[in-house]
1. Which value, in square angstrom to the nearest 100, describes the accessible area buried between chains A and B on both sides, using a 1.4 angstrom probe?
2. For region A:511-622, what is the convex hull volume of the alpha-carbon atoms per residue, in Å³?
3. For the residue pair A:Asp127 and B:Val146, what label-to-label distance in nm results when each label sits 7 Å from Cα along the Cα-to-beta-carbon direction?
4. Say a paramagnetic label sat at a point 7 Å from the Cα of A:Val449, along Cα to Cβ; which residues of region A:130-158 have their backbone N under 17 Å from it?
5. I'd like the distance between the alpha-carbon centres of region C:72-138 and region A:446-473, rounded to an integer number of Å.
6. Do any residues of region B:81-101 lose at least 40 Å² of accessible area when the full set of protein chains is present rather than just their chain alone, and if so which, with a 1.4 Å probe?
7. Residue by residue through region A:401-406, which ³J(HN,Hα) values in whole Hz follow from phi under the Karplus form 6.51 cos²θ - 1.76 cosθ + 1.60 (θ = phi - 60°), with glycine and proline marked x?
8. Could you do me a favour and compute the accessible area per residue for region B:119-217, 1.4 Å probe, result in Å²?
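The values are calculated or read from the model by the stated rules, or taken from the named source; none is laboratory data. Quick caveat, the model's predicted, so the values are computed rather than measured. With ideal geometry, Cβ positions are generated from the backbone for all residues, glycine too; neighbour counts draw on all protein chains shown. Accessible surface is based on the protein model in full, side chains and every heavy atom, while ligands, DNA and RNA are left aside. Shrake-Rupley method; radii C 1.70, N 1.55, O 1.52, S 1.80 Å.
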Amino acid sequence: MKRIFVILSFLILLFYIWQIWKDYNRPYLVYQKEFKELLKQKGGGEAELDDVKFVVRQRWLEKLNRVDRCETCHLGVEDPRFVDAPQPYTTHPDADKHSFERFGCTVCHGGQGLATSVEDAHGPTEDWYKAISSDNFLENSCSKCHGDFIEQEAPVLAKGRTMFKEYGCRGCHNVQGLERVKVAPPLVKIGEKVKIDWLYRWLQNPQMYLPETKMPNFQLTKEEAADMTRFLIPRVRIKDPDNFEGGSYARGKRILSESRCVTCHSFEGKGGDIGPDLAKVSSKVYPEWLFEWIKNPQAMRPDTLMPAYGFSDQDIRDLVAFIVEEYIDLELEDDVIQQNIQFVESANVGRGKELIEKYGCTGCHEIEGVEDRGEIGLDLTAIGDSHISRMDFGMIEVSHEERTVPNWLYNKMKNPRLFKAGLKMPDFTFSDLEAEALTTYLMSRSKEVVPASYHLHLGERPSDYNPQGEFGEILDNYRCLVCHTINGRGGDLAPDISIEGSRVKEKWLKDFMKTPYAIRPILVERMPRLKISDSEVETLYSYFRTTLVDDRVEKLTGSVKEMSLKDPEVISLGKDLYYNKYACNACHQVNLKGGTIGPDLTSVGERLRTEWIVYYLSDPKAFLKRSIEPVYDFTEKELEALTAFLLSAKEKK
Amino acid sequence: MIEKVKNIVFQNRFWKSVFRHGMPVNARLRSEAVMSNLFLHIHPVKIYKDSLLFRKTLGLGLISFYLFFILCITGILLMFYYIPHVQRAYQDMKDLEFAVSFGMILRNMHRWGAHSMVALVFLHMCRVFYTAGYRHPREFNWGVGVILFVCTLALSLTGYLLPWDQLAFWAITIVVNLIETMPIIGDDLRYLVVGGTLVGQNALIRFYVMHVMVLPLLVTMLIAVHFWRIRKDGGLARPE
Amino acid sequence: MSKRILIILCSIFFTPALIWFSAQVVSGSDDDHTERSGFLLPQKHSTNLTREQLRGKELYQYYCALCHGRTGKGDGFNSFNMSVPPADHTDATVMSTLSDAQIHQVIKEGGSSLGRSPMMPPWGRVISDSEINTLVAYIRTLVTSGK
C-alpha cells in the first residue's frame, strides 16, 4: 500500500515537471529563434535584435471582434527586408493597402487567429473547422468589404459570380438578394422548333451536340430521356419537314457571310461565342421555325441576344435553304433517327412529367403543364458559413486536413453526384478553373458582417441605362448593346459608344451602317450588316448628337475654328511630327503604310469630327481608359500641326 | 536551547487556543486529538476496527471530497480568465489553450476532475448501497447523499455550457428541451432555466452563476451535514 | 491485498491502452485498402514569378507584347510593320549592357530620350513609376528564359 503511494506520488511529480517543461517550451519559440538569426543576417541592429522577445504577439482588432496571433511566428510580414525570406517570415506583399493595424490577418485569410501552433492556426483541427483559405479560393473574403463586382482586383470571384448567374444556379438554389431569372429558352411549343430525336439525344448528353452549352448533363438513362422527350413533345409533328419552300443556296451563302453571322455564332468551332454553334443546326430545328426565328427572334423569345435583321422574306428563305443544306450532322444515320423516334413514341408521358418535376427543369425553362415549385436545391445564402459537419462526404474517405467546406464545394462542382448515388444536381462539366471560381463565389456567401467603416465598394455595379422611345426601340431591335456599351451597360466586343455623338460624323455613320468595315486593319470584320434604314440611322445620329456627347470635346469648337488647318506649312510640320518626332506610324497606318495596332488613319477626317481629333490627341486616356495609346505632352502648336496633317491624310487613288 | 525554542512555540496562549492538548503521546491524548480536530472527528469516538479497512470503503467518499476541493481551487483560478459573454467565452478557452501559462493543465484538471467526480460519487453511492449503508440509522444521510449526487450532476451540466462551443450549445439545447417535456411546469421551467426561448447570453449567465456560486455553496453546506451525520450515525458502513 | 489492488490498477490503465492500440492497428490497415474514389483537391497554380514580376507580366502582355512579342523576342505582330525592329528582350548579350535605370528610362520617356528610335513611345503618363519597376523586373526574367 505504501509502496503504491510512493510510486504514484513520484509519477505525479514527474507529471508536474513535464507540465512545467511543456509550458515553457512553446512551439513558437523555434520560429522566433530562427527569425532572430535571420534578422542578424539581414543586418538588424542591436536594438532591433533585443526587440525580438520570446512572447506571444497578438493584434486585437476590436471592431472586427478578432484576436490574431499570426505574427507570433510570421514575424517579417511588415519588414520589407524579408521579401525573399522563406515562410513564415516572408514580407506580406499587400501591406500598403491593408494595414495590419486595421485588418489583422484572419479576416481575409481565415484560419484560427487565436492559436499559436502551426496545426491549430492553419487548421482544420477538431475544434476549429475553418481552415486557412487556400490560394485558389482566397478571393472569397474580398466581398466582405468590397462587394461582389470586383472585376479588376478579384477576377476569380467576379468570374464565379457571373458563372453563378449565367449557368442558372439561382433556378434551383435560393440566394437572398439575387433575382431568380429563367436563363434558358422557354419550352413552350418546343415541338414546333426541334426535332424529336434531337431532343432525345440532347437530353442524354447536351455536350455531345454542343460542347460549350450551359445546359448540364443530367446523366439520364435512355428510358428517362425518352420519357421526358415524350412529355415535352406530346404530338409528333403534323407538318412534313420536307415541304418547306426553299430558296437559292448560293444567295443564302452570300447573305450568311455578308451579315457576319460568324461574329456571334461559330461554325464547327470557328466564330464568336455569343450565340450557339450552328454546325449541326439543321439536325436540330425545322426550317419553318428557323424562318420565323430569323424574321423576328424577339417575338419568340423577348430576352434573346439575336438582332432582328431587316431581311426580306426571300432573303430569309435563301438563308434557311443554305443552312438546311449545309449545316447537317453527317454522322447521323437515318435508321438511327427512326429507331430513336419509335423508342420515344413508346415512352411514358406521366413518368416524363415526374422526372421534369424531380430534376427541377422549371428552374431554368418555362414548361407548359408543369408547375414551377420554386427552388428545389439547398439555400446558398450563407453557404460560406456552413459548418463542416453539415457537409456530407458520403462514403468517401477524406483525411482530416482535407475535410474543409471549400474542398467539398469544389468537388461538388467538379462531380455533383460524387458523394452519394441518386443525387439530383446535374453535371455542368466545369473545368478546374471554373470550379474554383464558383467555389470562391460560394464561399463568399456569408452572413458575417464587417463594420460599415470597413466597407469600400470596388468595381462598378451593372448600369441600369435603358433608353426609351424611338431610339430605345432601334437599340432593342438590333440588339446593339450585346456588343457595344452605352453608359456602362452592354457588351465589350465592340467599342464603347457612350460619347459617339462627339466622335463621328453623320455621313460616315450612314455609309458605315450600309457597309460596315473594320476600323482597325488587323481585326476581323465583325459589325454585322443589319440592313438598317437611313431614317433609323438619322434617328440614331440625332440621339447621339444630343445625348451621347462630352462637353470637353464640344467646348473645343471655338478653338478649332481658330486653327489654321489648311495651311500647307502647318501640314508639312505635322507630317514631320507624325513620321519622325513621334513615329505615329509605328502603330497607325496611312495609305496601307505603318503599324497595325491602332485604327487606320487614312481619311480619318471624314470619320471623326475635328474637335474629337484635337481632344483625343491631347488626352487619349480621358475617355478610353483601356486604350493602349501612349500619352504625349503635345504643345498647342504640335496639336494644330498633327490635326492638320491627319485631316489632309486622304486616300490616294 | 532547543527546549527554549520549544517553549516559545508551544507554551503560549495562541498555540494552546488552537490545539487544546499536548502531544498525543498516550491513548487518551490521541483520542482527544482526534475529537478536538474538525477534520479528524469524522469518525465517532468508538468504531469497529474493520470498518476502517480500505477494502471496506475503498475511500470513495473521501476521494470525491478531495476532487471537490481540487475543483474549487482550479475553478477559482479559471474564474480569473473566464468572461461569461457569448462573444468572449470561447475566445477565453482559446486563450487558456494558447496564451495563458499552465492554462491547459488548469483547464484539464478542472475538466477531468469534474468528469471523475461524477463517476466517483456514483461509485460511492453504489458502495454504500451494496454495503447496506443506507439502512437505519443512516436513512437521512443517504438522503443527503442523494441530493449531493444530484448537485454534482447539476454542477457538471452547468459547467458543460460555459466553454460555449458547439458541443456545449447543443448539449444544453437538448437538456432544456428535455425539461420542456415535463408535465404542467415544463414550459415555464425551461423558460426559467434558459432565461428566454433560445440558449443564448441569458442562459450562459444563469448557468455561470449557478456553477460558480449557488451550487458550490449548496454542496459545501451539504458536505458538512453529510460528514457530521457520519459521526452522529455511528461510523461507516456498518448497519445495525 | 496490495497485489490485488496492483492487478486492478494495471487492468484499469492497460485495458484502454490496449483497446486504443488495437483500434489504431485496425484503422491503419483499413487506410491502405480504401481508395480516394474521385475526391479532388484544387491544384496550385504554380509559377516561379514573384508577385511583382506577375504584375509586370500583366502590363507587358497588355502594352508591350504587341510589338515586343508575348515571349519578348521582339516578334510581336506589329513588329513587321516597323522600319526599326523592336528590341529582343531575351537576348542576354544586349540586355546585360542595360542597367535597370536605363530600361526604366526607355519605358518612361521613350526611345528618343536615349537617342534611339522614337518608335518606342514614352509610357510615363500611362504607366506609373512603380508599375514600370514591375515591368523592369519582369523583363529581366525574360533574359534567362531566352538563353
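1. Values: alone 37250 and 16010 Å², together 51820 Å².
Using a 1.4 Å probe on protein heavy atoms, the buried area is about 1400 Å².
2. 137 Å³
3. 3.6 nm
4. Of the residues in region A:130-158, A:144-147 have backbone N under 17 Å from the label point off A:Val449.
5. Rounded to whole Å, the Cα centres lie 39 Å apart.
6. The answer is B:Tyr90, B:Gln91, B:Lys94, B:Phe98 - residues whose exposure falls by at least 40 Å² when every protein chain is included.
7. So the J values, rounded to whole Hz, are 5, 9, 7, 10, 4, x.
8. 56 Å²
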